[in-house]
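Read the structure below first, then the notes.
The values are calculated or read from the model by the stated rules, or taken from the named source; none is laboratory data. Here the structure is a predicted model, which means the values were calculated and not measured. In this analysis, Cβ positions are derived from the backbone assuming ideal geometry, glycine residues included, and neighbour counts consider all displayed protein chains. The area values use the complete protein model at the heavy-atom level, side chains included, leaving out ligands, DNA and RNA. Shrake-Rupley method; radii C 1.70, N 1.55, O 1.52, S 1.80 Å.
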Amino acid sequence: MIRFALIFAISLLGALPSKAADWDGFVWAGFQATDDASGFGFLDVTAAFDLSRSYPLSLEVGVYEFVLPEKRPHETYVALTWDDRLRLGVVRPAYDSVLPSKFERIAPYLSYERAEYSRARTTTLALRDGAVPFGLSYQSRPGDWSWAVSAHSARGGDFHSASAAVSYEKGPWTLAAAVEGLWPDHSDGAELNAKAGVTYTKDKWAVGLSFFHPSAHDDPDILALDLSYQATRDLTLYLVSELAENSDFNAHGFGLSYSVSDRAALTAAITQTGNQETAGHFGLSWRF
């Protein structure tokens, strides 16, 4: 059903007056090396197209997708947007608008394996189980603040959900938090996810500390530390560490990104998870 909606949306865009889309997002293509090497791709992209010259109405089409051998777990977004604030359709959860996994920068495969820690349950049910959550969202950016709310209902996934996120940026400090409630049709109670974090950016350094409480996923709490350093104009180094009370759920990574243009970069990383599995990640990334 969702692929039909996406095809329909693209067909509709083809009938509109010619206009360049407003693109936003991130694409990574490369491979992960463990005992052997396997290709891997990651997309988190949105394109917006104006539908009217008189009103701030647009159509957004987006995808959050991991491309693996023999499967393509994904969530596809199609929404009508008013003034870049109000969205109706298959919309992104507000929960996902802040504090994404820092592994997405350097080792997207690990962010796929650990999506339940940082992503909304609304997203992972679509990603892994094929649910299509229809809903609406609203966002605003007053001054130094940014906030968003969303509500979703997935008949195919048998659940309803709602989430909210807020961030505040002042000087070198950025603070963010989000909460998600999920109500399965087969349960009388609500399931809850929550996360909060702070980032300090100064000169060439950025340091972040985040706490994730993925209770709706039945996963343990995670404390995440991330560090980046711009060593040269083109070279940036990254260190990411996620710690749980049970070390089996830990993950650590060291990576680098070398810019080959204003938007493209070569990335490389080495990661280790709590089960002592070590992997190399090599790819080309592109930011819109």
Review point. Is there any pair with a first residue in the range 248-273 that is open to solvent by 50 Å² or more (accessible area, probe 1.4 Å) and a second that is outside any strand (DSSP E or B) and of a type outside the set (Gly, Ala, Ser) whose Cβ atoms are under 8 Å apart and which are 6 or more apart or on different chains, and what are they?
Key: 248/275; 249/219; 249/220; 256/106; 258/234; 260/234; 263/288; 266/260
Review point. What residue, among those in the range 26-61 that are open to solvent by 40 Å² or more (accessible area, probe 1.4 Å) and acidic (Asp, Glu), is farthest from residue 278 (Cα to Cα)?
Key: 50
Point to revise | Residue within the range 67-76 that is part of a strand (DSSP E or B), modelled with pLDDT of 95 or more, touching a helix residue (DSSP H, G or I) at 6+ places or on another chain (Cβ under 9 Å) and open to solvent by 20 Å² or more (accessible area, probe 1.4 Å) present | key: no
